[in-house]
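The values are calculated or read from the model by the stated rules, or taken from the named source; none is laboratory data. These figures come from a predicted structure and were not determined experimentally. A quick note on method: Cβ atoms are made from the backbone with ideal geometry, for glycine too, and the neighbour counts reach across all protein chains shown.
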Amino acid sequence: MLGEYRIVGRRASEIAADVERAVGTGELEPGQLLPPLRELATDLGVNPNTVAAAYRLLRDRGVIETSGRRGSRVRPRPASTTRDVQRIDVPAGVRDIGDGNPDPALLPPLADALAAAARDHAEHPALYGEDPVDPDLARLAREVLDADGVPDGPVGVFSGSLDAIERVLAAHLRPGDAVAIEDPGWGALLDLVPALGLRPVPMALDDEGPLPEAVESALAGGARALVVTCRAQNPTGAAVSSARADALREVVARHPGVLLIEDDHGHGMVDVPLAPLSPVVEHWAFVRSVAKAYGPDLRLAVLTGDTVTMDRVRGRQRLGPGWVSRLLQRTVVHLWTSGAVDSARVARSYGERRDTLVRALRRRGVAAHGRSGFSVWVPVPDETAAVARLLHAGWAVAPGARFRLASRPGIRLTVSSLAPAEIGSAADAVAAAVGSVPGRRYG
């Protein structure tokens, strides 16, 4: 069952720590079956309840999964292993169109905004005990949220979308709870959910967002939370349309106890209007990051939601980091008010490159997808072969395994670094590497 490895420990914490260490070092491999409770208890000379407690700890940490009579196994993707390790090493001379980064040329200059924030700090230094959210940032953020139809709610500031989503999930769920997430979807979120001890439930999607029948199946099956990407979905470029939002609201309204989280990380760099789902349930959250529009190192996201959710997440934040630097908050305020950000130009630039690549691929018989943002998703019959052929042809792309749970294979292309003159060559290389794979759905 475990080969030559022998689990050791007398207390539940010791047994769990030994298994987790062995998984981290590779001595216990993904999918490996662990001994039954009573068998391991006999081997270790401990009470079966001690082993049961150890297995609960491991399950809560996302290290193992339990399937009733089929026993407990090391998770296929342990929470200690992130999907970023599946990145491709890009040799010299190879064009990288899979890194997922924004175009540096489209990011706003930060020097003036940072200097203005420093001047504000010199006049009114931020001290302990002050409101963790800059009042100007809260006001400006709320005005835009109101204009976009996002329901009224308190405003919090967190260190990026993933930080906000993690805090919302932790505020409402407990280890073992199921979370419905898009598949293919954001690799970091696919890693975060099991790392919190939660169980991911994949939802299929198409160009207009999660499929209503997939959401219904996940929620009817017991998922206690639902995470939906509003626009610029990573890796597919999907965006929730108005018609799809109506259909999803009907589905979610039939499950009033579910926690709804909407991620609008593409705000400021997309040309597709927002179609929010909230509020159709009691507990909801809506998060907007500035990372894609203003730069990944500007670690700031605005979160709003129902009063209970916001009270919980902001209260827990106070007991940890306390607040996001008000220098960063003031920097964003100056970016919003100085005219340094031309969101329409940014969205137009990404849209032109994305749409041109999608059209070029489709003319070559490749079923490419990308409705918003700067990602293009291409279904393929064999990811490994496609990535290798493209690398040999001088193009590096992101393998779909970084973004998938149960959906079909694919590759992600990032258009942000593509010059117009390169798009035809990139499309030729992709078509030669992957052939024709039909279909509108990703899952």
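I'm trying to understand the selection: among the residues of segment 255-314, which are surrounded by fewer than 19 Cβ atoms within 10 Å (Cβ to Cβ), without any contact (Cβ under 8 Å) to a residue 40 or more places away in the chain and under 20 Å from the mean Cα position of the chain (by Cα)?
Listed by number, the list holds a single entry, Asp297.
Across segment 316-331, what is the number of residues that are touching a Phe, Trp or Tyr at 6+ places or on another chain (Cβ under 8 Å) and either of a type in the set (Lys, Arg) or part of a helix (DSSP H, G or I) (or both)?
Matching residues across segment 316-331 total 1.
Please work out which residue is surrounded by the most Cβ atoms within 10 Å (Cβ to Cβ), limiting yourself to segment 142-166 and to residues that are more than 18 Å from the chain's Cα centre (by Cα) and part of a helix (DSSP H, G or I).
Leu145
Pairs please, first residue from segment 388-401 and within 10 Å of Pro91 (Cα to Cα), second anywhere and of a type in the set (Asp, Glu) and surrounded by fewer than 18 Cβ atoms within 10 Å (Cβ to Cβ), Cβ atoms under 8 Å, 6+ apart in sequence or on different chains.
Filtered contacts from segment 388-401: Ala396/Asp96.
Any residue at all in segment 229-241 that's among the polar types (S, T, N, Q), in contact (Cβ under 8 Å) with a residue 40 or more places away in the chain and closer than 21 Å to Val281 by Cα?
yes
I need the full set of residues from segment 167-187 which are at negative phi and surrounded by fewer than 18 Cβ atoms within 10 Å (Cβ to Cβ), in order please.
Ala170, Arg174, Pro175
Do we find a residue being in contact (Cβ under 8 Å) with a residue 60 or more places away in the chain, among the aliphatic types (A, V, I, L, M) and not assigned by TED's automatic domain parsing to the domain that holds Lys292 anywhere in segment 372-381?
yes
Against the condition at pLDDT below 95, out of contact with any Lys or Arg (no Cβ under 8 Å at 6 or more places or on another chain) and farther than 18 Å from Asp207 by Cα, how does His392 come out, does it pass?
Judged against the criteria, His392 is a match.
Does Val46 satisfy the condition of being modelled with pLDDT of 85 or more, more than 13 Å from Tyr5 (Cα to Cα) and outside any helix (DSSP H, G or I)?
yes
I'd like to check something: does segment 50-64 contain any residue that is surrounded by fewer than 19 Cβ atoms within 10 Å (Cβ to Cβ) and modelled with pLDDT of 90 or more?
Within segment 50-64 (the criterion being surrounded by fewer than 19 Cβ atoms within 10 Å (Cβ to Cβ) and modelled with pLDDT of 90 or more), the answer is yes, since at least one residue qualifies.
Would you confirm whether any residue within segment 122-129 is buried (at least 20 other Cβ atoms within 10 Å of the Cβ) and in contact (Cβ under 8 Å) with a residue 40 or more places away in the chain?
There is no residue in segment 122-129 that is buried (at least 20 other Cβ atoms within 10 Å of the Cβ) and in contact (Cβ under 8 Å) with a residue 40 or more places away in the chain.
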